[in-house]
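Below is one structure, written out as structure tokens; the observations come after it.
The values are calculated or read from the model by the stated rules, or taken from the named source; none is laboratory data. Computed from a predicted structure; not experimentally measured. In this analysis, Cβ positions are derived from the backbone assuming ideal geometry, glycine residues included, and neighbour counts consider all displayed protein chains.
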Amino acid sequence: MAATFHPDRHELHGITVVVDTAGAEIYVGRCDDMDEERVILVDVDVHRDGDGGRSKAEYVERAAQLGVWKKFDRLAVPRAHVTSIRRLGEL
């Protein structure tokens, strides 16, 4: 799936991504934009390691197969907390 091209946005704009953190949280949502300070996601689901009996890896595997239920319309994740950003469609 191709992203919507906007020259003023990050190349992942419009792509559903998995944003992992050094903490217990992992985020899945559409990338709106990102810079050195933050990653801005829309239609976001958040999972804490162990919630519902699932690890972060198990949650992402399920999200790749079934999708996610959004919990937030828009969320900014501090870039300092981010350990990786991957396209959900590549998992």
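So here's what we get for this one:
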read-out	value
Scan of region 23-49 for residues that are over 11 Å from the mean Cα position of the chain (by Cα), of a type in the set (Asp, Glu) and farther than 19 Å from LEU91 by Cβ, ordered by number	ASP33, ASP35, GLU36, GLU37
Members of region 50-73 that are surrounded by 15 or more Cβ atoms within 10 Å (Cβ to Cβ) and farther than 20 Å from GLU90 by Cβ	ARG54, LYS70
Residue that is modelled with the lowest pLDDT, among those in region 39-91 that are farther than 15 Å from ILE26 by Cβ and among the hydrophobic types (A, V, I, L, M, F, W, C)	LEU66
Hits in region 21-30 (condition: touching a residue at least 40 places away in the same chain (Cβ under 8 Å) and buried (at least 20 other Cβ atoms within 10 Å of the Cβ))	TYR27, VAL28, GLY29
Residue among ASP43, ASP49 that is touching a residue at least 12 places away in the same chain (Cβ under 8 Å) and at positive phi	ASP43
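Residue-wise test of (1) in a loop (DSSP other than H, G, I, E, B); (2) under 16 Å from LEU75 (Cα atoms).
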site: VAL17; (1), (2): no, yes
site: GLY23; (1), (2): yes, no
site: GLY29; (1), (2): no, yes
site: LEU41; (1), (2): no, yes
site: ASP45; (1), (2): no, yes
site: GLU58; (1), (2): no, no
